[in-house]
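Participant: Input: one structure, supplied below.
The values are calculated or read from the model by the stated rules, or taken from the named source; none is laboratory data. Not measured: the values here are computed from a predicted model. Cβ atoms come from the backbone with ideal geometry, glycine included; neighbour counts cover every protein chain shown. Note: accessible area is taken over every heavy atom of the protein model, side chains too, but ligands, DNA and RNA are not part of it. Shrake-Rupley method; radii C 1.70, N 1.55, O 1.52, S 1.80 Å.
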Amino acid sequence: MCLGIPGQIVELLPGDEQLARVEVAGVRRTINVGLLEDERIQVGDWVLIHVGFAMSKIDEEEAAMALSSLRMMGQGYDDELEALLASRVEARERLEG
Amino acid sequence: MKYVDEYRDPAAARVLVRRINELAGDDSFKFMEVCGGHTHTIYRHGIEHVLPPGVELVHGPGCPVCVIPMGRVDDAIALAETPGVIFTSFGDMMRVPGGHGNLLEAKARGADVRFVYSPLDALRLAVERPDRQVVFFAVGFETTAPSTAVTLLKARTDNVANFSVFSNHVTIVPPIKAILESPDLRLDGFLGPGHVSTVIGNHPYRFVPKQYGKPLVTAGFEPLDILQAIMMLLSQIRDGRCEVENQYGRVVRDEGNPRALAMLAEVFELRPHFEWRGLGFISQSGLKLRAEFAPWDAERRFAVPGVRVADPKACQCGEVLKGVIRPWECKVFGTACTPETPIGTCMVSSEGACAAYYNFGRLHREAAVTFGRASA
């Protein structure tokens with residue numbers, strides 16, 4: 001759970017829930033970006049994701065390094081990624097729709 | 001130089017190793033890496049074997065799964081077995097043994113235990129299942145605690161009444177203090193945790209040099225980060241300096257994340273004391289929900305047994321967590337205690353010192369014997 005997985009913001013979702021779509025390992029997922037509100041996160045930014053939350057803004061080089069280290073972890077990374085992709089954090093509108 | 005070739009930038013690694021050798025000379029130094037993520041990198045890349053023989057790394061208590069005492073796991077199982085409850089947990093916690101088995105076994109007995117990736121997944125489950133009580137097993141240091149705080153704030157805003165949190169969140173500074181107070185161990189400095197520090201910043205560590213005269217360098221998770229942080233610690237010692245330095249400045253800011261800290265303060269308060277596996281009770285080290293969040297506090301909503309359970313006699317996780325012994329020095333390491341059938345928590349999580357060493361360390365140690373210490 002302590003692994004930070006790098007993802008790139010592809011869409012900021014409207015509404016008051018502070019959610020964004022990120023691309024992680026080629027798959028798009030919804031995460032919460034409220035903890036980085038002061039960072040003025042924009043589409044294209046890279047973030048480190050912990051348990052469904054963007055915890056820090058990073059640059060592209062840092063994201064590439066983190067990703068390559070995670071891949072070397074093997075099973076631990078696979079489990080974390082699988083868990084992230086199974087996560088069902090969604091915006092309220094999407095939930096109801 | 002066998003191991004250095006595996007690093008991302010072998011030339012940079014060689015320069016750092018050479019400098020570490022020059023700085024260390026023939027003297028002995030013992031540094032603790034506080035964070036389990038660092039332990040993992042150190043074993044994964046065989047960092048111990050590129051360091052001079054006098055520079056020793058000992059593993060600290062910064063693995064959230066490893067420090068949960070058995071009694072709290074039993075409390076979690078009791079909550080999971082409460083009729084009407086859906087008990088949700090991070091996958092890492094499922095195999096952590098309590099006094100009466102683990103959560104997976106409780107699930108096999110019929111308890112509704114579900115694995116979630118995020119506390120927000122647990123909250124969503126509560127929204128979908130208004131007929132059930134959904135309890136989230138919250139563990140982790142300041143890296144994960146803000147996520148739980150945001151989820152609780154959302155539960156309150158959305159008025160989700162059938163959701164609650166069993167908080168086992170802990171803070172990193174008190175165990176560092178406890179280790180500094182421990183007579184068992186003589187340390188020369190610390191590698192400060194990377195991700196926790198993105199939240200709390202570097203200022204909370206200032207007591208380490210100020211009160212205890214030990215340097216601390218907050219470090220990243222790449223092998224080069226670890227080597228550079230070790231070099232920075234040695235440089236401080238050789239220059240006669242003693243301070244908090246930040247090697248991981250590309251991610252960690254000195255002031256941390258003020259928004260995350262504000263949310264933590266809004267939702268949580270410190271418990272008078274909290275039990276840590278192997279370290280015993282440490283005052284002001286655990287987080288509980290504030291009175292304003294009582295409706296979402298599993299410990300107030302349900303009857304939690306709260307029985308203290310002593311660690312199994314054979315298990316030496318406590319000594320491993322304090323860095324007093326190395327993983328392979330534990331009596332049951334790799335025999336009775338393996339990642340498949342862990343007795344102690346350090347063997348459960350991939351960040352636990354024992355699991356990391358079990359997976360990668362033996363290989364490196366054998367290779368080191370074969371190739372000699374590849375230090376220069």
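Participant: For chain B, what's the relative contact order in percent, using C-alpha pairs closer than 8 Å and at least 6 residues apart? Write out the running numbers ahead of the final one.
Facilitator: Values: 748 pairs, mean separation 90.3, N = 376.
It rounds to 24 percent for chain B.
Participant: Pairing the Cα long axis of helix A:60-73 with the longest principal axis of chain A, what angle in degrees results, from 0 to 90 and rounded to the nearest 10?
Facilitator: 60 degrees
Participant: Compute the distance from the alpha-carbon center of region A:3-17 to that of region B:8-68, in whole Å.
Facilitator: 34 Å
Participant: While we're here: Relative contact order (percent) for region B:1-97, with alpha-carbon contacts under 8 angstrom and 6 or more residues of separation?
Facilitator: 26 percent
Participant: Next up: Rounded to the nearest 100 Å², what's the accessible area chains A and B bury against each other, both chains counted, probe 1.4 Å?
Facilitator: That pair of chains buries around 3500 Å² in total.
Participant: With unit charges on the beta carbons (Lys and Arg positive, Asp and Glu negative) and the dipole taken about the Cα centre of region B:1-136, which residue among B:Gln133, B:Gly36, B:Val55 sits farthest to the positive side?
Facilitator: B:Gln133
Participant: Now for a different question. Quick check: at a probe of 1.4 Å, how many percent of the accessible area of chain B sits on carbon and sulfur atoms? Don't skip to the end; give the middle numbers.
Facilitator: Working: 7140 of 13680 Å².
So the carbon and sulfur contribution to the accessible surface is 52 percent.
Participant: Shifting gears a bit: Label B:Ala294 and B:Glu105 with points 7 Å out from Cα along Cα→Cβ: what is the distance between them in nm?
Facilitator: Here the answer is 3.6 nm between the modelled labels.
Participant: How far apart, in nm, are two points set 7 Å out from the Cα along the Cα-to-Cβ line at A:Asp16 and at B:Asp131?
Facilitator: 3.2 nm
Participant: Placing +1 at every Lys and Arg Cβ and -1 at every Asp and Glu Cβ, with all other atoms neutral, what dipole size does chain B have around its Cα centre, in debye to the nearest 20?
Facilitator: 120 debye
Participant: Continuing with the same structure: Residues of B:217-223, mean number of Cβ from any other protein chain within 10 Å of their own Cβ, rounded to a whole number?
Facilitator: 2
Participant: Right, here's the next one. Rounded to the nearest 5, what % of DSSP beta bridges with both residues in region B:114-240 are antiparallel? All intermediate terms of the calculation are to be shown ahead of the outcome.
Facilitator: On the way: 0 of 10 bridges.
The antiparallel fraction comes to roughly 0 percent.
Participant: Related question: Treating only the Cβ atoms of Lys and Arg (+1) and Asp and Glu (-1) as charged, compute the dipole magnitude of region B:81-211 about its Cα centre; round to the nearest 20 debye.
Facilitator: 160 debye
Participant: On to the next question. Counting only DSSP beta bridges with both residues in the protein assembly as shown, what percent are antiparallel, rounded to the nearest 5?
Facilitator: Percent antiparallel among DSSP bridges in the protein assembly as shown is about 45.
Participant: Here's a follow-up. For helix B:362-371, what angle does its Cα long axis make with the longest principal axis of chain B, in degrees from 0 to 90 and rounded to 10?
Facilitator: 10 degrees
Participant: Got a number for the accessible area of B:Leu125? Probe 1.4 Å, square angstrom, nearest 10.
Facilitator: Rounded to the nearest 10, the figure is 20 Å².
Participant: Just how large is the dipole of the protein assembly as shown about the Cα centre, in debye to the nearest 20, putting +1 at every Lys and Arg Cβ and -1 at every Asp and Glu Cβ?
Facilitator: Dipole about the Cα centre, nearest 20: 840 debye.
Participant: Can you tell me the accessible area per residue over region B:219-333, all protein chains present, probe 1.4 angstrom, in square angstrom? Walk me through the numbers on the way to the answer.
Facilitator: Values: 5040 Å² over 115 residues.
Per-residue value: 44 Å².
Participant: Could you check the simple spin-label distance between B:Ser235 and B:Thr157, using points 7 Å along Cα→Cβ, in nm with one decimal?
Facilitator: So the label points at B:Ser235 and B:Thr157 sit 4.4 nm apart.
Participant: Sketch the reach of a paramagnetic label on B:Leu185 as a point 7 Å from Cα along Cα-to-Cβ, and name the residues of region B:303-326 whose backbone nitrogen lies under 17 Å away.
Facilitator: It comes to B:316-326, nothing else.
Participant: Now for a different question. How far is helix B:223-239 tilted, in degrees, relative to the longest principal axis of the Cα atoms in chain B, given as a value from 0 to 90 rounded to the nearest 10?
Facilitator: Taking the Cα atoms of chain B, the angle to B:223-239 is about 60 degrees.
Participant: Would you grab the residues whose amide H sits under 5 Å from the one on A:Ser56? Only those 5+ places off in sequence or on another chain, please, with H modelled 1.01 Å from N.
Facilitator: Those lying under 5 Å, H to H, from A:Ser56 are A:Leu48.
Participant: Report for chain B the percent antiparallel among DSSP-assigned beta bridges with both residues inside it, nearest 5. Spell out each step's value before the answer.
Facilitator: Working: 9 of 41 bridges.
Roughly 20 percent of the beta bridges in chain B run antiparallel, per DSSP.
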